[in-house]
Amino acid sequence: MQPHDPSAAPPLVEQLLNGLLDQKIQLYLITGVKLTGQLLAYDDRSVLIAREQGRQLILLQAVSTIQRTVLRIEQDVEQEV
């Protein structure tokens, strides 16, 4: 593995989060709690999501997994193919 070159491509986390902006995502915290919401913004330390209860700021150090929410319809189509 090569050391990170700041002039190279953006870090993986930034690439992932930029691709998920304004999409519905699922966040799993290191405590096992699952949060679902729309990714509104992010920086190098936190993410801001919109949930049914309002907006929530989550520190990235508390996050174990981030993924795009897949609709059940998409899963059914993939299984049929």
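The values are calculated or read from the model by the stated rules, or taken from the named source; none is laboratory data. The shown structure was predicted, so the numbers you read here are calculated from the model rather than taken from an experiment. Don't worry about glycine lacking a Cβ; one is built from the backbone with ideal geometry, like all the others, and counts go over all protein chains shown.
So the values come out like this:
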quantity	calculated
Pairs with Cβ under 9 Å, 6+ apart, first in the range 61-80 and farther than 27 Å from L48 by Cβ, second part of a helix (DSSP H, G or I) and at pLDDT 65 or above	none
Sole residue being surrounded by fewer than 13 Cβ atoms within 10 Å (Cβ to Cβ), modelled with pLDDT under 95 and assigned to a strand (DSSP E or B), chosen from Q79, Q67, Q75	Q67
Residue within the range 35-52 that is more than 14 Å from the chain's Cα centre (by Cα) and modelled with pLDDT under 95 present	yes
